[in-house]
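Taking it in order: structure first as structure tokens, then the write-up.
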Amino acid sequence: MTFLAPMQLLWLGLLVPLVALYILKRRRQRRVIGSTLLWEQALRDMRAERPWKKLIPQVSLLLQILAIVVGAIALARPAGAGSVPSGAWVAVVVDTSASMAARQGNSTRFTHARDAALDIARSLPPGGRMMLVEANAEGDVLAPLTSDRASLEQAIGQLQVRGGHANLEGAVAVAAERLRDAPGGSHVLLLTDGSEDGEMALDQSGAPVEVRLVRDEAPDGTPAPFVNTAIIDADVRQRTGEGPDRCDVFVRVHHHGAEARDVFVSASIDGREGVVASRRVTIEPGATESIVMGADLPPSPDGRAAVVRVSIAPGDGGALDDDLSLDDLAVVPSPGSRRLPVFLVGTAPRSVQRVLRSDADVELFATSLTALAERDADEPPLDGLFLYTGDTPVVPPAGDSVVLAPVDDQAFELSVGAEVEAPRIVTWDESDARLRFVGFSDVHIGTMRPLEGGAGRVLVDTDAGAAVVSVSRPNGESTILAFDPDRTDWSSHTSFVVFFRNLLERARARRSAGGVPVAPLGEPLRVPALDGEEVQVTTPSGRTLVARSRGGVAIVEVGADPGVYAIRTGDRELHALRSLLDERESDLSARARFTRGGNDTRSALSAPREHRESWPWVAGVLLLLVLLEAWWATRAPKRIDPSKTPGPTKISKRGDSDAKAAPTAMGSGGASA
């Protein structure tokens, strides 16, 4: 049982003045009478110092109290879901895709679904049990079958819109599996808006399935129309030959609606004021507009690439009024500055230095292991590509690094074997991005020390062992070459230059992406961090999330909140980008088809179930109480039987009554009372 209008219970406050009327003494009026003999009792009452009298239970008071209580309960609209038979189990599956964040009245579709789940949890009958399943990409069980109302409400409170697509069929299958041995009357309840492509067979789950569409409907039962203008793609590319900061911003906007709409498409740099580019466009219903805007995007002071915020606003300059706000903003990394610091630790081979110097966007810094170890702990960490020649540190640096011809018996996570003369290259991994357009068929190696260990991925293999190995870790990536390029003929091949250019571009891409892989909206953040290290994340809406790394990665669950996530782990500051760039999720129409026995069915579909309200019964009780009070107030007084009336009272010689009867004579003179 719940109240749909609990604020109406404030009418119970009428009980206070009602009771006050029954305990407050009357205020008499002044009248001229012949004698005060008959008014002694009234005079004593008026002389009382307190204005209140003792509350005397009366039938009329009780009836009026009951009328107020029942009336307030009726106005509060008591209701119950009543959808679970006694002793039955119900598995509630809640759709958490991005379209569930669509506006519906003063709330959202997701809020309606969550409220429906709460109603079921709060109205479980005796013996009833409920489980909660989140229909995301996989179908997670948030609460197993239980009758504990508190734990169910806590699990429902953890639900949030995730973004992306929801695997409705998989989530229903998970729920139906748990109801395999359920008692009669048990069923699966799917709460969704149906904004998914494809067909879902309801008779393959093994348990009765009810689909409740949580969306507005027109009076004829068809889905209500919606309006949504969405950014479905965004990208930023550098213009060739016009300076390192001149870029083109590419945006694709799609409009769902019955009428054309004027919108402003604007681009700005995250964390900076002002707009760097803007364009006004008119989009026809169901059309997609492609927009290209030129913009100057200077990098941040630390040399990192800027993050571009692309947003849409109405042509009149106000707030965009559509049914889904998640797709009105997109954040993408810009080419920004291609400047890449490269730290040469040790004496790098001349052939490698020539390739690095040929890239105008590379800044070389010569240093040593000793100088790096002596850096003050308060100084910000170096950010760029580290290239080690010979000696390597015990702990690899954060970010990308390259090791050439290691001299120790250990190179990071790998073991280094004994020197081998003239090994022959047999295979190389052409699928790796670093070996794109790179071949080793005509390359000969003078000497090398083979790399061993299962921690890396072999990129180039020889008959004597691994020659090039990649080691990936949560906070960076290392490419280790077991030989000195100057002691090979590889430096005379074009593939040598291409290989190191690929390494530089890979490092630039990681640096501009903020250190955390870009993923769709709602995907958990996979933050690289040392094992056991605390990771603090600030969401675009300002919430602070804390997680701890396990196995070198901290998994941070985030909801559908587009924008830039600021991340701090140890002495590093990273960021992650999340945007809803999915035309299907921006389409809020009901497209899912539910079938039973291979045929379309409406029997399993129901609109948002109305509460089974009991206020009419309460109102009936109120009417009965009012009629009873009216009858009691207007009832005829009880007649006195004259035969039972006492006879005359004998008066003594002094005129006093022998009994405590009221005087029958009136004194002379006037008095006022």
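Listed values, structure above:
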| item | result |
| --- | --- |
| Single condition residue 353 does not satisfy, out of (1) surrounded by 14 or more Cβ atoms within 10 Å (Cβ to Cβ); (2) polar (S, T, N, Q); (3) under 20 Å from residue 477 (Cβ atoms) | (3) |
| Where residue 517 falls short, out of the listed (1) under 41 Å from the mean Cα position of the chain (by Cα); (2) within 29 Å of residue 406 (Cα to Cα); (3) not hydrophobic (A, V, I, L, M, F, W, C) | (2) |
| Restricting the range 429-440 to residues that are touching a Lys or Arg at 6+ places or on another chain (Cβ under 9 Å) and not in a helix (DSSP H, G or I), the residue that is nearest to residue 551 (Cα to Cα) | 432 |
| Where residue 559 falls short, out of the listed (1) in a strand (DSSP E or B); (2) surrounded by fewer than 22 Cβ atoms within 10 Å (Cβ to Cβ) | (1) |
| Criterion (β-branched (Val, Ile, Thr), open to solvent by 50 Å² or more (accessible area, probe 1.4 Å), more than 16 Å from residue 477 (Cβ to Cβ) and in a loop (DSSP other than H, G, I, E, B)) met by exactly one of 426, 407, 443 | 407 |
| Strands (runs of 3 or more DSSP E) completely within the range 132-229 that count 2 or more residues being touching a Pro at 6+ places or on another chain (Cβ under 8 Å) and closer than 23 Å to residue 104 by Cα | 209-213 |
| Lone unmet requirement of (1) open to solvent by less than 80 Å² (accessible area, probe 1.4 Å); (2) assigned to a loop (DSSP other than H, G, I, E, B); (3) of a type in the set (D, E, K, R) for residue 531 | (1) |
| Cβ-Cβ under 9 Å pairs, at least 6 apart or on other chains, the range 344-371 side under 17 Å from residue 499 (Cα atoms), far side surrounded by fewer than 14 Cβ atoms within 10 Å (Cβ to Cβ) | 348/366; 351/492 |
| Residue that is in contact (Cβ under 8 Å) with a residue 40 or more places away in the chain and in contact with a Ser or Thr (Cβ under 9 Å, 6 or more places away or on another chain), where the choices are 486, 461, 409, 432 | 486 |
| Residues being free of Cβ contacts under 8 Å to residues at least 60 places away in the same chain and not acidic (Asp, Glu) - total across the range 489-500 | 5 |
| Selected residue (only one of 344, 372 is surrounded by fewer than 20 Cβ atoms within 10 Å (Cβ to Cβ), in contact with a Phe, Trp or Tyr (Cβ under 9 Å, 6 or more places away or on another chain) and assigned to a helix (DSSP H, G or I)) | 372 |
| Identity of the residue in the range 410-423, outside any strand (DSSP E or B) and acidic (Asp, Glu), that ends up nearest to residue 487 (Cα to Cα) | 419 |
| Hits in the range 515-534 (condition: under 19 Å from residue 163 (Cβ atoms) and not hydrophobic (A, V, I, L, M, F, W, C)) | 517, 520, 522, 523, 524, 526 |
| Qualifying positions in the range 467-498 - among the acidic types (Asp, Glu) and modelled with pLDDT of 90 or more | 484, 486, 489 |
| The range 236-294, subset outside any strand (DSSP E or B) and crowded, with 16+ Cβ neighbours inside 10 Å, residue modelled with the lowest pLDDT | 244 |
| Complete set of residues in the range 309-322 that are out of contact with any Pro (no Cβ under 8 Å at 6 or more places or on another chain) and either surrounded by fewer than 20 Cβ atoms within 10 Å (Cβ to Cβ) or at pLDDT 90 or above (or both) | 309, 310, 311, 312, 313, 314, 315, 316, 317, 318, 319 |
| Filter result for the condition that a residue is modelled with pLDDT of 90 or more and under 19 Å from residue 343 (Cα atoms), over 501, 511 | 501 |
| Output for the range 391-404, where each listed residue is among the hydrophobic types (A, V, I, L, M, F, W, C) and in a strand (DSSP E or B) | 402, 403, 404 |
| Selection count where residues are buried (at least 20 other Cβ atoms within 10 Å of the Cβ), within 48 Å of the chain's Cα centre (by Cα) and not hydrophobic (A, V, I, L, M, F, W, C), scope the range 446-460 | 1 |
| Sole exception among (1) assigned to a loop (DSSP other than H, G, I, E, B); (2) open to solvent by 40 Å² or more (accessible area, probe 1.4 Å) for residue 568, by number | (1) |
| Residues being under 17 Å from the mean Cα position of the chain (by Cα) and of a type in the set (Lys, Arg) - total across the range 132-181 | 1 |
| Residue among 132, 142, 159 that is closer than 23 Å to residue 326 by Cβ and open to solvent by less than 10 Å² (accessible area, probe 1.4 Å) | 159 |
| Number of the exception - residue 207 against (1) in contact (Cβ under 8 Å) with a residue 40 or more places away in the chain; (2) in contact with a Leu (Cβ under 9 Å, 6 or more places away or on another chain); (3) buried (at least 22 other Cβ atoms within 10 Å of the Cβ) | (3) |
| Hits in the range 356-369 - residues which are open to solvent by 70 Å² or more (accessible area, probe 1.4 Å) and modelled with pLDDT of 90 or more | 357, 365, 366 |
| Residue satisfying condition, being in a helix (DSSP H, G or I), open to solvent by less than 80 Å² (accessible area, probe 1.4 Å) and touching a residue at least 40 places away in the same chain (Cβ under 8 Å), within set 591, 508, 584 | 508 |
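The values are calculated or read from the model by the stated rules, or taken from the named source; none is laboratory data. All values reported here derive from a predicted model rather than from experimental measurement. Here the Cβ is made from the backbone with ideal geometry for all residues, glycine too, and neighbour counts use every protein chain on show. Just the protein is used for accessible areas: all its heavy atoms, side chains included, with ligands, DNA and RNA removed. Shrake-Rupley method; radii C 1.70, N 1.55, O 1.52, S 1.80 Å.
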